[in-house]
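Everything on this sheet refers to the single structure shown next.
Nothing in this text is a laboratory measurement; each read-out follows from the coordinates by a stated rule. Being a predicted model, the structure only gives us computed values, none of them experimental.
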Amino acid sequence: MSAVKTLGQFIIERQSDFPYAKGELSRLLRDLAIAAKIVNREINKAGLADILGEAGSTNVQGECQKKLDIYANEQFIAALKNGGECCIVVSEENDEYIYIDSAVSKDAKYIVAIDPLDGSSNIDVNVAVGTVFSIYRRKSEQGKATMEDILQKGTEQVAAGYIIYGSSTMLVYTTGKGVNGFTLDPSIGEFCLSHPDLTIPQDGTIYSINEGNYTHFPDGVKKYIKYCQVEDRNTNRPYTSRYTGSMVADLHRNLIKGGIFIYPCTASSMYGKLRLIYECNPMAFIIEQAGGLASNGYTRILDLDVKELHQRSPVFIGSENMVKVAEEFMASFSPQVLKRTFEGVVSIQ
Ligand code: P6P
């Protein structure tokens, strides 16, 4: 059996990728991994403990917060506060950003944006859920980090990753030098390298979209869905439709097998549902590093201007050739959506 390599060993080994870094980013990644293990433990026994169901409160998205949402948020924020490498946390569960004003963190140079428990409505029905994180260096040299340090384009990320709490628990991340996946071995409590140098197939036969919203999709999306369903042996169509309601689970499957995930704008949500800072940007960084593409149907996700903490964006993400075909349908049949997207005020409802 080949030697087991833990996440900690891997991070130290790859530290030389960052000549300027003195280990802070490495420690930050380890802080996130610790919180992931704690959250994983609670998720795996959620059915037993009294942490299922609604917590009663609602988050900035107006979504009912389940107790595990809140628990996961608290664990990741606590790990980042105690680690001392992060000066600001942006979380889907918090209306405002969290400034970590402590002696250990006052000179911290990193900002972390996080969706602590994505897809949490699936917890009660035992479908995989995930955590998504995005890491930036602050732009300002000194003093209290501010909104300007947060509102950076996705191209400025220094690292991004997700944890998927599924049939096994995996941590997948990139620091801009490829994508690597680690599977949690509960018997030793360590994430162990299981998927080195992950790449997404250039072509795929899986499309992931909530077709329940079909009526409200732009024409380009409607025509792309019909394209996926046409019988054409030469291009392996009809494709297979797979949609779990957990973006992390859908994207992880597509990363391994090939495929495209689309959450477009709809009549009720002009800019789609997914959030740019802590969902679209980190997943776009990972998928691009794995050889795929990610756009809003017209423009590369990582190039989009970031204007609001909880800004939404339509997202077309996955295998390169599938995203390119979907973008051709958008250009041909829905150019007007581009105009509306770029003219309208950023929607954060
Ligand atoms: P819908 C979960 O709430 C989430 O943010 C993503 O994980 C998922 O892909 C999407 O929303 C599901 O949204 O509208 O299809 O239920």
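Applying the Karplus relation 6.51 cos²θ - 1.76 cosθ + 1.60 with θ = phi - 60° to region 278-285 yields 3J(HN,Hα) values of 10, 10, 5, 4, x, 5, 5, 4 Hz, where x marks Gly and Pro.
Projected over all directions and averaged, the alpha-carbon convex hull of the chain occupies 18.2 nm². Distant-in-sequence amide contacts of A159, defined by a placed amide H-H separation under 5 Å and a gap of 5 or more residues or a different chain, comprise I135. Here the Debye sum runs over all C-alpha atoms of region 7-195 as equal scatterers in vacuum, and log10 of I(q)/I(0) at q = 0.10, 0.17, 0.20 Å⁻¹ comes out as -0.40, -1.14, -1.47. The lysines within cross-link reach of K106, meaning a Cα-to-Cα straight distance under 27 Å and a gap of 8 or more places when in the same chain, are K22, K37, K81, K139, K144, K153, K307. Taking amide H as placed 1.01 Å from N in the peptide plane, R312 has its amide H under 5 Å from the amide H of L276, S347, each at least 5 places away in sequence or on another chain.
3J(HN,Hα) along region 77-88: 5, 4, 5, 6, 5, 5, x, x, 9, 10, 9, 9 Hz, from the Karplus curve 6.51 cos²θ - 1.76 cosθ + 1.60 with θ = phi - 60°, whole Hz, x for Gly and Pro. For region 206-333, the share of DSSP beta bridges that are antiparallel, to the nearest 5, is 70%. Compactness of region 206-333 is given as radius of gyration and Dmax, 13.6, 45 Å, from Cα positions.
Residue separation of H216 and K257 scaled by 0.36 nm, minus their Cα-Cα distance, works out to 11.9 nm of gained length. 3J(HN,Hα) along region 231-236: 6, 7, 4, 4, 10, 6 Hz, from the Karplus curve 6.51 cos²θ - 1.76 cosθ + 1.60 with θ = phi - 60°, whole Hz, x for Gly and Pro. In this structure, the amide hydrogen of D118, modeled 1.01 Å from its nitrogen in the peptide plane, lies closer than 5 angstrom to those of G130, T131, V132, counting only residues at least 5 positions away or on a different chain.
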